[in-house]
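Just below is one structure, and these are the notes that go with it.
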Amino acid sequence: MRDSGGSFAGPGIQASTDWKLFLGLSRTPHGLLDMATPAMAALLWLGHFPPVSTTIIGIITAFAGYTAVYALNDIVDYKIDAERIGAEEAGPHFFDVDAMMARHPIAQGLLPLKNALYWASFWAVVALVGAWILNPLCAILFVFSALFEIIYCKLLKITHLKIIPSAIVKASGGLAGVYAVDPSPSTAFVVLLVIWLSTWEVGGQNIANDFVDMEGDAGVSAKTTLTIKGVQESVFIMIAAISVAVTAGVASYWLAGARLSLLYPFGAVILGWKLLLEPAREVFRDPNSATAASLFNLASYMPAAFLALVIVSILTRS
């Protein structure tokens, strides 16, 4: 049954409904793809597999961290999301890895805010404990990531520069992965990793999503790169950021802690082209919601694809 506010309430709730709503709150399909980021960064720096105990704790911590932060986004933004939903209904709809389950369940009245807070808090505690075990610096990175996620949400109607805390949040996942396996990695590698992940987020995720969400953003007077800079300049920034991301992904081969097989740089060029540059070219040719949605979805697979590439490069190293 539902309460007067449209939320599910009472003992009649089915367990299957509950977990689907919670997983939708945390955008779990996208979160699982993002989980590959710390693993990819850690393996790229190490050049070999970490101890089994570190791997298990790392997987649990990464899942908990991304689950908590994505849920936090919906919790902070639920009122804005409720406004946005009405505006989005009038616009075109495209497949979006963010919306494979119930999107914005709090805003839709499908999940009580109190339950969402319990869910996010539980996973935040799990993430903090796991991160602290791996390296206290990882726990600090998680806290700052959560804070920057809140800042990003609060800046929605204030400035398009909210894209900066968004980039920091995405880069922090990779940093946590590296520091989880090595407390003193190369500064040059860390800097390159931050540039890589930040520009991937800016071009392949944030600005691409601005085009996908243009109807909803207009409906809530959101300040985005697209609404402030316009189509032409937004596409230019997107292409520039993606070009830097592709270059950094390839260049990481020469700064990685242990040399991988030559399969890595060649594979990185192919992945950069197929997941970022080629779909970005389509946005350049015809900037609209459909081409941008394709870019966003393909770019979302970058961490997982690079994780697979790094693993194969480690296994095939002579």
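The values are calculated or read from the model by the stated rules, or taken from the named source; none is laboratory data. Every value quoted in this text rests on a predicted model; they were computed, and no experiment measured them. Neighbour counts are summed over all protein chains in view; Cβ atoms, including those assigned to glycine, are modelled from backbone coordinates with ideal geometry. These area figures cover heavy atoms from the full protein model, side chains too; ligands, DNA and RNA do not enter into them. Shrake-Rupley method; radii C 1.70, N 1.55, O 1.52, S 1.80 Å.
Against the criterion of being over 18 Å from the mean Cα position of the chain (by Cα), open to solvent by 50 Å² or more (accessible area, probe 1.4 Å), closer than 29 Å to G257 by Cβ and at pLDDT 95 or above, V181 does not qualify.
So that you can scan it fast, the table gives a plain yes or no per residue for (1) open to solvent by 20 Å² or more (accessible area, probe 1.4 Å); (2) farther than 17 Å from L111 by Cβ:
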position	(1), (2)
T37	no, yes
L44	no, yes
P51	yes, yes
Y70	yes, no
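Of the residues P50, P11, the single one that is modelled with pLDDT under 95 and assigned to a loop (DSSP other than H, G, I, E, B) is P11. All of A222, A248 fail the test of being on the phi < 0 side of the Ramachandran plot, of a type outside the set (S, T, Y), touching a residue at least 60 places away in the same chain (Cβ under 8 Å) and open to solvent by less than 20 Å² (accessible area, probe 1.4 Å), apart from A222. Quick check: is even one residue across region 273-282 open to solvent by 30 Å² or more (accessible area, probe 1.4 Å) and either modelled with pLDDT under 95 or among the basic types (K, R) (or both)? For region 273-282, residues open to solvent by 30 Å² or more (accessible area, probe 1.4 Å) and either modelled with pLDDT under 95 or among the basic types (K, R) (or both): present. Going by the structure shown, is Y66 modelled with pLDDT of 95 or more, out of contact with any strand residue (DSSP E or B) (no Cβ under 7 Å at 6 or more places or on another chain) and buried (at least 16 other Cβ atoms within 10 Å of the Cβ)? Answer is yes for this residue. Against the definition (among the small types (G, A, S) and touching a Ser or Thr at 6+ places or on another chain (Cβ under 8 Å)), how does A208 come out, yes or no? When the stated conditions are applied, A208 does not pass them.
Here I228 qualifies as more than 30 Å from A127 (Cα to Cα) and not charged (D, E, K, R).
May I ask you to list the residues in region 103-156 that are surrounded by 15 or more Cβ atoms within 10 Å (Cβ to Cβ) and polar (S, T, N, Q)? Selection gives Q108, N115, N135, S145.
Residue check: V190 meets all listed conditions (1) open to solvent by less than 50 Å² (accessible area, probe 1.4 Å); (2) in contact with a helix residue (DSSP H, G or I) (Cβ under 6 Å, 6 or more places away or on another chain); (3) part of a helix (DSSP H, G or I); (4) not charged (D, E, K, R) but one, namely (2). If you go through region 214-260 and keep only what is among the small types (G, A, S) and under 23 Å from R281 (Cα atoms), you end up with G230, S234, A240, A241, S243, A245, A248, G249, A251.
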